[in-house]
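Reviewing the structure listed below.
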Amino acid sequence: MKTEVITVSAGEGFDPECEEQLRRAGEILRKGGLVAFPTETVYGLGGDALNRESSGKIYEAKGRPSDNPLIVHIADMKALPAIVKEVTPEALKIANAFWPGPLTIILEKSERVPVETTGGLNTVAVRFPSHPVARKLIEYGGGYVAAPSANISGKPSPTVAKYVIEDMDGRIDMIIDGGQVGIGLESTIIDLTVSPPQILRPGFVTEAMLLEVLGQVDVDQTILSNDTGRAPKAPGMKYRHYAPAGELTIVSGEERQVAAYINRQVEEARKQGQKTGVIGSLETRNLYCADVVKNIGNRQEEATIAHNLYRILREFDDEKVDVIFSESFHSDGMGQAIMNRLLKAAGHKMIYLEKEENGGK
Ligand code: TXA
Ligand code: MG
């Protein structure tokens, strides 16, 4: 299949040429084709959510297990009632507070949503994104766009079109290049079919923000731990995900101690002929001696760290790095989403260094 790549810049509005291209992209979706597009979180791989064949094509293009449900994207609150059994009071509260935006809700599904889209479940995940290109495409595409992240299953989600093209060229009809996305990590997912509502995947909309609106929320305990003995509630969260090709280890401890430990590991790995990489921060990058040292940003700025994480993981693949070490980051607020993705990318391989006596000498 030949994949067409178009560039659309998102500003206040669209010029007539962009408008026409998005109309054409929408037409592809209506006819059952697949179009990758930017959202405010990551790039999505879209198909008509109400067309079972389109959903089948999405699983095939991604190489994704078909028990892993897709998120249905809408561009208007009026579109919600048709695809769910009931728009619950919680759903309304959440929609008022966070939509359009990087939050996905789970509700009981209506008959209109095929089980191919929901991975066989009776529930459906719904998101109303804020990105203007995404919204326009959904409108032109018929109002309901199923879209997982636009990566081959298991790889980090794409935050720039370059990585969508790398994974999807030849597999889908069209890729819309809308530049770099803003947030860089997938949407927060909250299950509203249980009481109290439960966060299944952390994201830009944090637990504290949801608590303020709902009064009560639970968090799926598998988010930051893999030894709960339970499977995550979001089927997709059980897979080793977001992973670079190289072997990633997270190292937690005092700054200089972490650097010293990582540098020793780097030396060892190099002796074995391996190419080494480190994820450091603005404050610490100069402490490392690896072949490739990435600066993920200021340790205090979680939005910057989130924005850079997937791009950096992908760049290690580009540079064919065999072993990667990363600093650990705090897990409050949006840090919960950052550590959730980093831990999954590392297959939960994390080293905790004991605090040394005598000031680390
Ligand atoms: O930010 C995002 O949400 C991006 C952009 C493209 O919108 N999309 C995205 O989709 O991250 P995906 O397919 O990569 O992740 C969807 C997650 C999976 O872990 C899936 O198992 C879970 O949502 N999910 C979908 N429907 C569900 C349901 N009915 N119940 C529980 N989990 C569900
Ligand atoms: Mg994904």
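For the stretch 323-343, the condition of being crowded, with 17+ Cβ neighbours inside 10 Å, among the hydroxyl-bearing types (Ser, Thr, Tyr) and over 28 Å from residue 211 (Cα atoms) holds for at least one residue. Cβ separations smaller than 7 Å between residues 6+ apart or across chains give the following pairs from the stretch 106-125 residues that are more than 19 Å from residue 64 (Cα to Cα) to residues that are near ligand 1 (Cβ under 6 Å from one of its atoms) and outside any strand (DSSP E or B): 109/118. When you scan the stretch 114-124, do you find a residue that is on the phi > 0 side of the Ramachandran plot and near ligand 1 (Cβ under 9 Å from one of its atoms), even just one? So far as the stretch 114-124 goes, yes, one or more of its residues are on the phi > 0 side of the Ramachandran plot and near ligand 1 (Cβ under 9 Å from one of its atoms). In the set (1) of a type in the set (A, V, I, L, M, F, W, C); (2) open to solvent by 20 Å² or more (accessible area, probe 1.4 Å); (3) within 30 Å of residue 12 (Cβ to Cβ), residue 95 fails one condition alone, (2).
Going through (1) of a type in the set (Asp, Glu); (2) within 16 Å of ligand 2 (Cβ to nearest atom); (3) modelled with pLDDT of 95 or more one by one, residue 67 falls short only on (3).
Pick from 203, 236: which is buried (at least 20 other Cβ atoms within 10 Å of the Cβ), under 19 Å from the mean Cα position of the chain (by Cα) and assigned to a helix (DSSP H, G or I)? Spell out the reasoning first.
Values: 203 fails: assigned to a helix (DSSP H, G or I).
Just one listed residue meets the conditions, 236.
The residue pairs whose first member lies in the stretch 169-195 and is assigned by TED's automatic domain parsing to the domain that holds residue 123, whose second member is at pLDDT below 95 and within 9 Å of ligand 1 (Cβ to nearest atom), and whose beta carbons are closer than 6 Å, counting only pairs six or more residues apart or on different chains, are 189/234. Is it the case, given these coordinates, that residue 288 is surrounded by 18 or more Cβ atoms within 10 Å (Cβ to Cβ) and more than 25 Å from the chain's Cα centre (by Cα)? In short, yes. Flag: residue 81 matches the condition of being open to solvent by 10 Å² or more (accessible area, probe 1.4 Å), free of Cβ contacts under 8 Å to residues at least 40 places away in the same chain and assigned by TED's automatic domain parsing to the domain that holds residue 157. Every condition in (1) assigned to a helix (DSSP H, G or I); (2) without any contact (Cβ under 8 Å) to a residue 60 or more places away in the chain; (3) not basic (Lys, Arg) holds for residue 66 except the one numbered (1). Residues that are touching an Asp or Glu at 6+ places or on another chain (Cβ under 8 Å) and open to solvent by less than 30 Å² (accessible area, probe 1.4 Å) were ranked within the stretch 165-190; the one that is farthest from residue 48 (Cα to Cα) is 183.
Tell me, which residue of the stretch 1-18 that is part of a loop (DSSP other than H, G, I, E, B) and under 26 Å from residue 242 (Cβ atoms) is least open to solvent (accessible area, probe 1.4 Å)?
Within the stretch 1-18, the subset part of a loop (DSSP other than H, G, I, E, B) is 1-3, 8-15.
Filter once more, so that each one left must be under 26 Å from residue 242 (Cβ atoms): 3, 10.
Details: 3: 11, 10: 49 Å².
Result: 3.
The residues of the stretch 206-224 that are in contact (Cβ under 8 Å) with a residue 60 or more places away in the chain, surrounded by fewer than 19 Cβ atoms within 10 Å (Cβ to Cβ) and assigned to a loop (DSSP other than H, G, I, E, B) amount to a single one, 224. Tally time: how many residues in the stretch 19-56 are open to solvent by 10 Å² or more (accessible area, probe 1.4 Å) and either over 25 Å from residue 310 (Cβ atoms) or free of Cβ contacts under 8 Å to residues at least 60 places away in the same chain (or both)? So the count comes out to 15.
The set of residues from the stretch 143-154 being away from ligand 1 (no atom under 11 Å from the Cβ) and either among the charged types (D, E, K, R) or within 21 Å of residue 103 (Cα to Cα) (or both) comprises 143, 144. If you go through the stretch 243-250 one residue at a time, do you hit one that is among the charged types (D, E, K, R), over 17 Å from the mean Cα position of the chain (by Cα), more than 30 Å from residue 35 (Cβ to Cβ) and surrounded by fewer than 16 Cβ atoms within 10 Å (Cβ to Cβ)? No, the conditions are met nowhere in the stretch 243-250.
The values are calculated or read from the model by the stated rules, or taken from the named source; none is laboratory data. Remember, predicted model here, so these are calculated numbers, not experimental data. Note that each Cβ is placed from the backbone with ideal geometry, even for glycine, and that neighbours are counted across all protein chains shown. All accessible areas refer to the heavy atoms of the entire protein, side chains included, with ligands and DNA or RNA removed. Shrake-Rupley method; radii C 1.70, N 1.55, O 1.52, S 1.80 Å.
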